[in-house]
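These notes are about the structure you will find just below.
The values are calculated or read from the model by the stated rules, or taken from the named source; none is laboratory data. Just so it is clear, the model here is predicted, and its values are computed rather than measured. Backbone-built Cβ (ideal geometry, glycine too); neighbour counts: all protein chains shown.
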């Protein structure tokens with residue numbers, strides 16, 4: 001029996017490298033979203049990206065005459081749409097009595113609904129725009145369509161995000177833990193907030209080709225939540241989340257290549273979820289089993305000897 | 001003049017000088033035309049009912065909330081130019097204590113202001129942080145996860161972080177809230193020590209009964225500053241009745257008799 005990775009074809013190498021990088025980057029970036037309780041923000045960015053992707057596709061068709069599904073074209077569209085949705089949500093919640101969650105939800109509905117509507121419109125064009133059939137892959141991801149140019153895009157954007165994360169580590173950390181204190185140090189909270197959003201948006205847009213806009217949030221939050229179970233150090237948590245994300249990405253690419261018909265994106269997300277479930281159960285201190293055992297140990301301890309103050 | 005890290009601080013300037021300060025959240029005024037002057041070495045409590053703008057006054061003095069009008073001077077300068085001389089102890093409950101970090105790491109955050117962007121705390125910063133923990137009798141918990149701390153220990157960590165900042169002016173938001181008697185005592189003696197060294201402390205305080213014991217000055221605040229002065233001068237039942245709308249608990253010591 002030969003191992004499946006001995007005779008990998010070059011396409012699979014590209015796809016696996018891409019999904020692994022996407023998993024690692026979104027795992028690390030997701031830690032901050034998780035700790036700031038901004039999962040919903042990530043969800044808004046990814047769902048809104050659909051509108052940007054479709055608009056970018058249509059524009060590239062209108063401008064160059066040949067519609068492009070390369071990440072070089074679609075990523076800017078996703079970046080703009082995701083950022084616009086966030087900024088609109090922010091301004092709605094500061095200017096009206098709508099709270100932040102509600103305005104984020106409204107923006108998600110508008111942008112995602114708009115994206116779906118436009119997607120259907122594009123698909124009904126006659127004569128059909130070449131390449132339009134692949135567009136709906138952005139809903140659930142189509143890692144197999146990843147090209148070498150897409151891979152470079154993922155490396156470039158993901159690399160930038162990781163470098164920024166590394167350079168501004170202590171500022172992002174203190175801002176996440178204690179925003180008031182970090183303001184009192186003179187750290188610009190608006191800049192840090194924007195930086196955090198930018199990192200999140202970058203993490204989301206490089207991942208939507210792999211897992212799609214609907215499941216992208218899982219790849220951001222699940223590795224972070226799993227990593228939190230095992231460690232109480234932020235740096236270890238980010239590294240571990242990156243490893244969990246990378247493993248899910250690589251596993252998803254290999255599994256879906258070896259078994260015909262398995263969709264990469266959902267497999268990646270299911271693997272991340274499996275890691276999370278195991279972490280939830282087995283982690284040494286925060287795990288469900290460890291906590292039950294600790295409770296039982298406490299119950300079996302005899303009460304303090306008589307004569308004590310209590 | 002005193003010299004601090006390349007800064008010259010005129011000693012004749014008040015530690016905090018607030019004139020006509022108005023701060024609003026949305027349309028609600030949180031602070032209205034507040035005037036307040038604290039000389040260096042003051043040990044002052046801000047007291048007042050809920051929603052009186054006590055935390056807002058601290059944040060305005062720190063320069064972290066935008067002011068609608070008025071002027072704030074810390075040691076003679078705009079708060080933004082005095083950050084290195086100011087330490088802040090936020091409300092203990094304002095942060096998530098399940099955040100994945102250690103006691104020493106939180107205290108090290110007090111050095112971030114001096115380090116500036118991109119530089120990481122090194123051996124020198126660690127030594128300073130450990131020293132501050134020592135002073136708060138927390139040195140043996142330096143490696144402890146903050147999730148495992150009691151309320152009193154959390155407050156000691158925050159105070160150690162402020163000590164690392166080695167400031168001239170300390171703004172504290174309810175440092176005594178929810179701590180045990182031993183911690184309360186050590187916080188009080190720390191404040192006394194700092195004030196004795198010429199540092200200035202302005203602290204939001206809720207327990208009226210302990211104001212005379214722990215503080216020398218009082219700021220009576222209910223959106224407007226109703227009175228500022230030494231505890232003896234302003235911390236009277238009549239003032240407090242006015243401040244709280246006549247519902248002051250009976251255990252507040254009477255100053256006329258002391």
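Kindly establish whether residue B:169 is at pLDDT below 90, closer than 26 Å to residue B:47 by Cβ and in contact with a helix residue (DSSP H, G or I) (Cβ under 7 Å, 6 or more places away or on another chain).
no
Any residue in region A:270-289 that is within 30 Å of residue A:165 (Cα to Cα) and touching a residue at least 60 places away in the same chain (Cβ under 8 Å)?
Within region A:270-289, one or more residues are within 30 Å of residue A:165 (Cα to Cα) and touching a residue at least 60 places away in the same chain (Cβ under 8 Å).
Filter region A:116-137 down to the residues that are modelled with pLDDT under 85 and buried (at least 17 other Cβ atoms within 10 Å of the Cβ) and list them by number.
A:129, A:132, A:135, A:136, A:137, listed by residue number.
Exactly one condition in (1) touching a residue at least 40 places away in the same chain (Cβ under 8 Å); (2) facing chain A (nearest Cβ under 8 Å) is not met by residue B:64; state its number.
With respect to (1) touching a residue at least 40 places away in the same chain (Cβ under 8 Å); (2) facing chain A (nearest Cβ under 8 Å), residue B:64 is out only on (1).
Counting only residues that are part of a helix (DSSP H, G or I) and at the interface with another protein chain (Cβ under 7 Å from one of its Cβ atoms), which one in region B:81-118 is surrounded by the fewest Cβ atoms within 10 Å (Cβ to Cβ)?
B:94
Please work out which one of (1) more than 23 Å from residue B:201 (Cβ to Cβ); (2) facing chain A (nearest Cβ under 9 Å); (3) in a helix (DSSP H, G or I); (4) in contact with a helix residue (DSSP H, G or I) (Cβ under 6 Å, 6 or more places away or on another chain) is the condition residue B:125 fails and give its number.
(2)
For residue B:191, work out the one condition from (1) crowded, with 18+ Cβ neighbours inside 10 Å; (2) modelled with pLDDT under 90; (3) under 24 Å from residue B:75 (Cα atoms) it doesn't fulfil.
(2)
If the requirement is being more than 13 Å from chain B (Cβ to nearest Cβ), under 28 Å from residue A:112 (Cβ atoms) and surrounded by 18 or more Cβ atoms within 10 Å (Cβ to Cβ), which of these qualifies: A:264, A:176, A:194?
Selected residue: A:264, the only one of A:264, A:176, A:194 that is more than 13 Å from chain B (Cβ to nearest Cβ), under 28 Å from residue A:112 (Cβ atoms) and surrounded by 18 or more Cβ atoms within 10 Å (Cβ to Cβ).
Could you please give the count of residues in region B:16-59 that are in contact (Cβ under 8 Å) with a residue 60 or more places away in the chain, within 21 Å of residue A:181 (Cβ to Cβ) and surrounded by fewer than 23 Cβ atoms within 10 Å (Cβ to Cβ)?
Here the count works out to 2.
Tell me yes or no: at least one residue of region A:181-190 is within 14 Å of chain B (Cβ to nearest Cβ), in contact with a helix residue (DSSP H, G or I) (Cβ under 6 Å, 6 or more places away or on another chain) and touching a residue at least 60 places away in the same chain (Cβ under 8 Å).
No - not one qualifying residue is present in region A:181-190.
Taking region B:128-153 as the search range and keeping residues that are facing chain A (nearest Cβ under 9 Å) and crowded, with 19+ Cβ neighbours inside 10 Å, which one is farthest from residue B:94 (Cα to Cα)?
B:145
Could you identify the single residue in A:33, A:84 that is touching a residue at least 12 places away in the same chain (Cβ under 8 Å) and surrounded by fewer than 22 Cβ atoms within 10 Å (Cβ to Cβ)?
A:84
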